[in-house]
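Everything on this sheet refers to the single structure shown next.
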Amino acid sequence: MPDPPPTPPELPLDLRRLLILDGRFPDPRRTGSAGFCGLSIERDLTPELVLHAYRQGIFPMAEEGGLLGWWSPDPRTILDLDAVHVPRRLARTVRQGRYALRRDSDFEAVIARCADREETWISPAIHAVYGELFRQGHVHTVEAYADGALAGGLYGVGLPGAFMAESMFHTARDAGKVAVVHLVEHLRSRGVQLLDIQYETKATAVFRPRKIPRREYLERLRAALKSEASF
């Protein structure tokens, strides 16, 4: 049986100084470009803490040793909902209806597939807490099916006026990207203002995401949170 995660007193002093206690995150604007906002113990992660962090523009990623890092990078990467680029070949795939799209139909399979890679920030603790957030209606998924089998998808956190896309996967060509196109169309129809993807990846680069200064991102987030729009 593995050893339990360390408790705060057992952590080295230099790490204990970085612990986030009682949800008291630093002002992201005062952190460096990497946006490191502190550490917490995985077993202390709660749905309430996750939502509290997202509302401040901060998100968690699992680290080694039973720890979580909290981040708010500068710049921040978004998909501008009014200007998402869909390459012609991908648009053709969408029009052909090669994949059947669903929403919120299989969270457990989606997050498990997203975590199934050599390096992942999706720890069992994150899986469990985001599962609870899904049951509470705060986390949402988009699934792409081919011949009845899950072929791609994504999940993220919904806030008033904003959606924080967390991770995506595919087992068939373009299935994850088709899920992104569906997500964009759905968010537009709902009047959502902000689609945060945190960082640009090879998979999301085709959509020509925008990297905006953290200060601008936080201003956009504050404006979005005043909205009544939701996923």
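Being farther than 23 Å from I122 by Cβ, in contact with a Gly (Cβ under 6 Å, 6 or more places away or on another chain) and hydrophobic (A, V, I, L, M, F, W, C) holds for only one residue in A223, A165, A229, and it is A229. For the range 21-72, filtering for residues that are in contact with a helix residue (DSSP H, G or I) (Cβ under 9 Å, 6 or more places away or on another chain) and within 15 Å of V157 (Cα to Cα) leaves 13. Any residue at all in the range 160-175 that is in contact with a strand residue (DSSP E or B) (Cβ under 7 Å, 6 or more places away or on another chain), part of a helix (DSSP H, G or I), under 28 Å from P87 (Cα atoms) and outside the structural domain of S40 (by TED's automatic domain parsing)? For the range 160-175, residues in contact with a strand residue (DSSP E or B) (Cβ under 7 Å, 6 or more places away or on another chain), part of a helix (DSSP H, G or I), under 28 Å from P87 (Cα atoms) and outside the structural domain of S40 (by TED's automatic domain parsing): present. So which of D3, D14 ends up being over 20 Å from S123 (Cα atoms) and at pLDDT below 95? Every option except D14 fails the conditions.
Answer yes or no as to whether I122 is touching a Cys at 6+ places or on another chain (Cβ under 8 Å), crowded, with 19+ Cβ neighbours inside 10 Å and assigned by TED's automatic domain parsing to the domain that holds A151. Against the criterion (touching a Cys at 6+ places or on another chain (Cβ under 8 Å), crowded, with 19+ Cβ neighbours inside 10 Å and assigned by TED's automatic domain parsing to the domain that holds A151), I122 qualifies.
Answer yes or no as to whether P60 is touching a residue at least 12 places away in the same chain (Cβ under 8 Å), under 26 Å from A205 (Cβ atoms), of a type outside the set (S, T, Y) and in contact with a Leu (Cβ under 6 Å, 6 or more places away or on another chain). Judged against the criteria, P60 is a match. Taking the range 156-189 as the range and being in contact with a helix residue (DSSP H, G or I) (Cβ under 7 Å, 6 or more places away or on another chain) and of a type in the set (S, T, N, Q) as the test, only S167 passes.
Here the condition is being of a type in the set (A, V, I, L, M) and surrounded by 15 or more Cβ atoms within 10 Å (Cβ to Cβ); of A179, A149, it holds for A179 alone. Restricting to the range 126-144, what's the tally of residues that are in a helix (DSSP H, G or I) and out of contact with any strand residue (DSSP E or B) (no Cβ under 7 Å at 6 or more places or on another chain)? Residues that pass the stated criteria total 8.
The values are calculated or read from the model by the stated rules, or taken from the named source; none is laboratory data. None of the values given here were measured: they were computed from a predicted structure. FYI the Cβ positions are ideal-geometry reconstructions off the backbone, even for glycines, and counts take in every protein chain you see.
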